[in-house]
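Visitor: Quick one: the structure is below, questions incoming.
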Amino acid sequence: MFPGRSAIKWRITFSYVILLVASLVCFLLFRDSLSALFIVSGITVLLIFLLSLYLSSNIAKPLRGLGLKCRDMARGKLELEEESSSLCEINDLLQDFAYMTSSAKQRFEAFLNERRQWIGIVDQMEDGVIISSEEREVQFMNSAAAKILQVSRRESLGHPLVEVVRDYEIVEAVYRCLKTGEQQSKMVRAEGSSLSLRMTAMPLQVPQRPGALVVIQDITELNRVAKSRQEFVSNISHELRTPLASIKAAIETLEDGGIEDKMAAHLFLGKAGVEVDKMTQLIQQLGEIFRIESGSVAFKIELQNIVPLIEEVSQELQIQADRAGLEITVNISTGPLLVLADRNRIKEAIANLLHNSIKFTPPGGNIEISAWQEDSFVAISVADTGIGIPAEDIPHIFERFYKVDKSRSGEGMGLGLSITKHIVLAHGGDIRVESEEGKGATFTIILPGDREG
């Protein structure tokens, strides 16, 4: 073996030495013969042929296999079997290729893991995300977008954007973004639903794969809150306008000389005092709702027998019922009915319902308070024979300031039922209403009972 030389060079050199020695031997043996030249040539051709076969077997074959592996890699097949060769150079090349394949596989797997993480993050977003290609086809869509647009996420991929979105305003904005390369924003109403959407289309500056990133936000709840805030301010203004006007009128009357007449002064000052009490009550009720909603009210939850509490409420409001010409009856099952509740708050809730029935039941009517065990809960109902509630108003009666008929609502401010609902929900209970216009209404409070009993 020749030190410092590679295996291929050594084999080729050795083959040529053999060829040279064989040629010299043949030439010495047959130097006087003309056939010596032919013999030497034949031996040379034979040795060259054998050398070619050797090189083809040991060099060309591994190289062809290496070429096939390259094509497999181009098709995405990274799981390749390792091979070896008897030639050091070819074997080193195969080992280097195997190392390159392993490194490429690791990088590709890292890329796939990162891609899965980003897709997972985008898929958890509440906002809808769509990626449109320059050819206006859907390349990606997260779950939120599919839910908002009410389409199948899997079936949408690869389809034209106009077929998937089905909203010409959104589609036009995306097309404009693709054409101009500028961000587009638009407020739209989802077709076939009551959803309010904010759409933003942004150009994707990706080399060789331009497109648009579309973000769709459901702002229905934000609009509802904004509308509720406007209605709240409007209702407050309305509720304060009447008592303030009455107080102003009383003051002006007193200023115009009414103060000199003691009876008139007493009358107008009394009216002003009543209106001040109304505004004070309004502020107190609003404060109570806000405190309950924010969780800042400390409820003293204890095991209570609801029976004496109901009797207490009915007795306190019996005077108002007598004045209105109504009869209150109490119908309670035998034995104590135990609930987990704040006594004063539940008493307030029942009193609100009873007061509401007194206000909306014509003279000669009847109001019945009932209570009974219902599985692990206790139900308390207040049923009247009053004017009832129209079907279209039932979903709204627990809203703040909502009045079924303002002409018949008397001096109420539309907060009693809202407060009652908040109190019941804060106890982990529920409140139901059944009514038919002209035939009375029944409100039922469901409270958690004694879980250990």
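Visitor: Condition check: farther than 30 Å from Ala226 by Cα and assigned by TED's automatic domain parsing to the domain that holds Ser133. Does Val188 satisfy that? Can you show your working first?
Guide: Working: farther than 30 Å from Ala226 by Cα: no; assigned by TED's automatic domain parsing to the domain that holds Ser133: yes.
The answer is no for Val188.
Condition check ((1) in contact with an Asp or Glu (Cβ under 8 Å, 6 or more places away or on another chain); (2) over 22 Å from Leu415 (Cβ atoms)) across all residues:
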{"site": "Glu288", "(1), (2)": "no, no"}
{"site": "Ala298", "(1), (2)": "no, no"}
{"site": "Ile306", "(1), (2)": "no, yes"}
{"site": "Asn344", "(1), (2)": "no, no"}
{"site": "Lys347", "(1), (2)": "yes, no"}
{"site": "Ala351", "(1), (2)": "yes, no"}
{"site": "Trp372", "(1), (2)": "no, yes"}
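Visitor: Between a first residue in region 243-259 that is over 10 Å from Lys271 (Cα atoms) and a second residue that is among the hydrophobic types (A, V, I, L, M, F, W, C) and surrounded by 14 or more Cβ atoms within 10 Å (Cβ to Cβ), which pairs have beta carbons less than 7 Å apart while being 6 or more apart in sequence or on different chains?
Guide: Every condition considered, the pairs that remain are Thr253/Phe268; Leu254/Ala265; Leu254/Phe268; Gly258/Ala264; Gly258/Ala265; Gly258/Phe268; Ile259/Ala265.
Visitor: Scan region 352-360 and give yes if some residue there is in the same structural domain as Ile431 (by TED's automatic domain parsing), part of a strand (DSSP E or B), under 26 Å from Ala441 (Cα atoms) and of a type in the set (D, E, K, R), otherwise no.
Guide: Of region 352-360, the ones in the same structural domain as Ile431 (by TED's automatic domain parsing) are 352-360.
Remaining after also requiring part of a strand (DSSP E or B): none.
No, every residue in region 352-360 fails to be in the same structural domain as Ile431 (by TED's automatic domain parsing), part of a strand (DSSP E or B), under 26 Å from Ala441 (Cα atoms) and of a type in the set (D, E, K, R).
Visitor: Checking the condition touching a strand residue (DSSP E or B) at 6+ places or on another chain (Cβ under 6 Å) and at pLDDT 90 or above, which residue from Leu353, Leu309, Leu337 passes?
Guide: Values: Leu309 fails: touching a strand residue (DSSP E or B) at 6+ places or on another chain (Cβ under 6 Å); Leu337 fails: at pLDDT 90 or above.
None of the other options fit; the residue is Leu353.
Visitor: Among the candidates Glu399, Glu348, single out the residue that is closer than 19 Å to Leu425 by Cα, in contact with a helix residue (DSSP H, G or I) (Cβ under 9 Å, 6 or more places away or on another chain) and part of a loop (DSSP other than H, G, I, E, B). Don't jump to the end; show me each part of the working.
Guide: Working: Glu348 fails: part of a loop (DSSP other than H, G, I, E, B).
Glu399 is the lone residue from the list that is closer than 19 Å to Leu425 by Cα, in contact with a helix residue (DSSP H, G or I) (Cβ under 9 Å, 6 or more places away or on another chain) and part of a loop (DSSP other than H, G, I, E, B).
Visitor: Residue by residue through region 358-383, note down the ones that are of a type outside the set (A, V, I, L, M) and out of contact with any Leu (no Cβ under 8 Å at 6 or more places or on another chain).
Guide: Start the filter on region 358-383 by keeping residues that are of a type outside the set (A, V, I, L, M), which leaves 359-366, 368, 370, 372-377, 381.
If the condition is that a residue be of a type outside the set (A, V, I, L, M) and out of contact with any Leu (no Cβ under 8 Å at 6 or more places or on another chain), then Lys359, Phe360, Pro362, Glu368, Ser370, Glu374, Asp375, Ser376, Ser381 are the ones that fit.
Visitor: Look at Glu182 and say whether it is closer than 27 Å to Val225 by Cα, of a type outside the set (Lys, Arg) and in contact with a strand residue (DSSP E or B) (Cβ under 8 Å, 6 or more places away or on another chain). First the steps, then the outcome.
Guide: Details: closer than 27 Å to Val225 by Cα: no; of a type outside the set (Lys, Arg): yes; in contact with a strand residue (DSSP E or B) (Cβ under 8 Å, 6 or more places away or on another chain): yes.
So Glu182 does not fit the description; no.
Visitor: With the condition kept exactly as written, say whether any residue in region 201-209 is over 18 Å from Ile130 (Cβ atoms), over 32 Å from the mean Cα position of the chain (by Cα) and loosely packed, with under 12 Cβ neighbours inside 10 Å.
Guide: Taking region 201-209 first, the residues over 18 Å from Ile130 (Cβ atoms) are 207-208.
Okay, now just the ones that are also over 32 Å from the mean Cα position of the chain (by Cα), so 207-208.
Imposing the further condition that a residue be loosely packed, with under 12 Cβ neighbours inside 10 Å reduces the set to 207-208.
Within region 201-209, one or more residues are over 18 Å from Ile130 (Cβ atoms), over 32 Å from the mean Cα position of the chain (by Cα) and loosely packed, with under 12 Cβ neighbours inside 10 Å.
The values are calculated or read from the model by the stated rules, or taken from the named source; none is laboratory data. Predicted model, so just to flag it, every value in this text is computed and none were measured. Positions of Cβ are backbone-derived with ideal geometry, glycine not excepted, and every protein chain shown enters the neighbour counts.
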